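The values are calculated or read from the model by the stated rules, or taken from the named source; none is laboratory data. Bear in mind the structure is a predicted one, so any value in this text is a computation, not a measurement. For neighbour counting, all protein chains shown are included, and Cβ atoms are generated from backbone atoms with ideal geometry for every residue, glycine included. These area figures cover heavy atoms from the full protein model, side chains too; ligands, DNA and RNA do not enter into them. Shrake-Rupley method; radii C 1.70, N 1.55, O 1.52, S 1.80 Å.
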Amino acid sequence: MAWGKKKSGRKEPTFGLGAALSDLRLTADDRVPGGGDDRPKKTPKQAPKRESSNGGGDKPRKSRTSSKARSSGGFGKGVKRLFYWGAVLGLWAAIAIVGVVIYVGAHLPPIQSLEIPKRPPTIQIVGMDGTVLATRGEQAGANVSLKDLPPYLPKAFIAIEDRRFYSHYGVDPIGIARAAATNLMHRGVSQGGSTLTQQLAKNLFLTQERTMARKLQEVELAFWLERKHSKAEILELYLNRVYFGSGAYGVEAAAQKYFGKPAKNVTVAEAAMLAGLVKSPSRLAPNRNPEGAEARAKVVLAAMQDAEFITAAQAKGAAGVPQYNVKPVGAGTVNYVADWIGEVLDDLVGQVDESIIVETTIDPKLQSVAEAAIIDELAAKSVKFNVTQGALVAMTPDGSVRAMVGGRNYSESQFNRAVTAKRQPGSSFKPFVYLTAIEAGLTPETIRTDAPIDIKGWKPENYTHEYFGSVTLTQALSMSLNTVAVRLGIEVGPASVVRTAHRLGIASKLEANASIALGTSEVSMTELVGAYAPFANGGLAVSPHVVNRIRTVEGKKTLYTRPAETASQVIDGRAVAMMNTMMQQTILSGSAKKAELPGWYAAGKTGTSQDFRDAWFIGYTSQLVTGVWLGNDDNSPTKKATGGGLPVEIWSRFMKTAHQGLQPQPVPGLAPSNSFSNNPIGQALSSLLPGSSAPSPSAPPERGYVPSAPVYNGYRPQPPAPTQTNYPAARQQPQQNVRPEAASGLDGWLTERLFGR
């Protein structure tokens, strides 16, 4: 019988090989892919249905075995493929991780150089009595050991920053996952996953930038720290290096900064506050944000209780009555001094790579007096006179700065108006004009005309718009007559005036023109006060200075000591006597009457610049040379604030306090004033004058030259002119560190008779 052939309308059963292969059909799925010419072909059409014996068609039978085989084979292949590709991806991920680790490690310092860096240098500035005035640089306290701290202090940091500190190996995966989940829920960064070890690594070796590279470096360094140091060492390093805001690094510096006590004495509440600062030192510093610091401290206390580091009673007691002895923000005017020292430090010792102590010439008591004088007077009268700023510099006649105020409020403005600002000195520049005239052969009794003057269209006028005709130079200077000063400047030559000012200590550029006599070229306050010092010391040049010595903290090494200087004579002694007598009259009867100091010789000069923009007074005694400036930073005019007003009042307030308890000493060449002769010491000295027990200002001493006090009733004495010695010739004489005989004046005469030659 033929296979596959229909007969008699019925299908006969078949047996053998043909029967076994009758239902076998090959499809494209059964072929091996990529097998040469075996390309998929269309499946043959299904054979026509055969009619069954009962007249119905039989459906082709499916092989259950082959279906199951295909199903189980597909699942097995899927698992194999998943495993295969998972292995491939895992291998590549491992290679990528190794590559990243190698890349990050390549950008780290060599492991052999990864040693714990030294503390950043701290510059401690102290006054002449050893009192700490200010601290510059990163304020780091002494290293403290864990055993010296109360146990709740380090536990406060562990509770709030790294609860699993003792169970991880530098990086805490659980903490990272928890932080990630929290941040995801809050849709922002509300919690960090860094461990204390990671934070230490960042503080020691890395920057604060928020980048993935820095984070990866932090992780590598954390593993390195954990391998190299014990947990106790890591925690101790952390507590001594972490930043607490306001320039304080380490728990010791922070405890001293905020609570005025060593770290070993902090309370539970204070420990919680310190631990809370680490999250945001600048924002939560208690001297800036006490409410925020207190709220954060309560969070730390709750964390400590939850970790069972403290009891509920301790947490409640610390949170209920916090005793925070927070110090105020250090914004005193002494910071202007500290900034000035910072500017000159590099010239004195070069780069600072270790903590140092700078010993200064500042007297803390006088600094406080100067600060109060400026602040109080401006608070009372700044609105009335439209004056917003002021400055004061006080130095000894040898140039040692005892007090400096660079502005009324350091926290609001760090610009130092005593050192950096340059303003027109106005009439306070006139002494250099008159000194040039004296050195050219004139005397205090020389007559000049006070009358209108026209210089190529420029018509300078006196402050009062009055003119007094013929006046002596003493009268002209004490009354600050502008026309006389301009005439003198033209007479001696503007270039000569500039040379005189530079010789005495003015360093700023000065324009050699007719208006220089009225102080139109700008100068700094410190150089102007320093240029007055030769009048107070007998004619010797000075260099204003504030640093005496610089040494290391331990005192083992001195980095700088101010050298002993041989002062040069820049003013002839006889000219000093004349100038001092003339400027004494400014206080006794001229534009600075309010500046008289009972019992003391004093002299000085007021100054007011154009349109009342600047008001000055520079005055001196044998003890101090002090200058005061008032004005506005934008150079806007004041409401007629003059040098003889507020500046003199501030000067008098400061000088009266500064001279309390000191024995009056004469200024070179000055005759005693009436106030001096009314003083017991002045009376005793006056009794030594020849011929009477009363003072005799008009009687010239046996040696030197002391001109008579001017009389303002129209009579101007004309004593015989003394022998003139011009300045260039005087400079050829040998220079010595003693007062010249010609400069001794009345005080030299008295000294000679009291103590002998």
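With contacts taken as Cα pairs under 8 Å and at least 6 residues apart, region 407-537 reaches a relative contact order of 33 percent.
Amide H contacts for V419 (H built 1.01 Å from N in the peptide plane; partners 5 or more residues away or on another chain; cut-off under 5 Å): none found. Between N289 and R227, the contour length at 0.36 nm per residue exceeds the Cα-Cα span by 18.4 nm. Available extension along the chain between L146 and K215 is 22.0 nm, counting 0.36 nm per residue and deducting the alpha carbon span.
In order along region 371-378, the Karplus-derived 3J(HN,Hα) couplings, from 6.51 cos²θ - 1.76 cosθ + 1.60 at θ = phi - 60°, round to 4, 5, 4, 5, 5, 5, 5, 5 Hz, and Gly and Pro are given as x. Surface composition of region 328-408: carbon plus sulfur atoms contribute 50% of the solvent-accessible area (1.4 Å probe, protein chains only, all chains present).
What pairs from K509/K593; K155/K261; K231/K279; K147/K202; K257/K381 go past 30 Å between their alpha carbons? Mind dumping the intermediate values first?
On the way: K509/K593 32 Å; K155/K261 20 Å; K231/K279 21 Å; K147/K202 25 Å; K257/K381 35 Å.
K509/K593; K257/K381, as the Cα separations exceed 30 Å there.
The phi-based Karplus calculation (6.51 cos²θ - 1.76 cosθ + 1.60; θ = phi - 60°) puts the 3J(HN,Hα) values of region 433-442 at 5, 5, 5, 4, 5, 4, 5, 7, x, 7 Hz, whole numbers, x for Gly and Pro.
Computed from phi, the 3J(HN,Hα) profile of region 390-407 under the Karplus parametrisation 6.51, -1.76, 1.60 (θ = phi - 60°) reads x, 8, 8, 10, 10, 9, 6, x, 9, x, 6, 6, 9, 7, 8, 10, x, x Hz, with x in place of Gly and Pro. The GluC sites (Glu not before Pro) of region 461-497 meeting both criteria, a DSSP state outside H, G, I, E and B (loop) and at most 10 other C-beta atoms within 10 angstrom of the site's C-beta, are E466. Amide H contacts of Y560 (H built 1.01 Å from N, in plane; Pro and chain starts excluded): I550 sit under 5 Å, all sequence-distant by 5 or more or on other chains. Residues whose amide H lies under 5 Å from that of A134, counting only those 5 or more places away or on a different chain, are I125; hydrogens are built 1.01 Å from N in the peptide plane. In plain terms, the chain from S568 to D306 could stretch by 86.9 nm, reckoned as 0.36 nm per residue minus the Cα-Cα distance.
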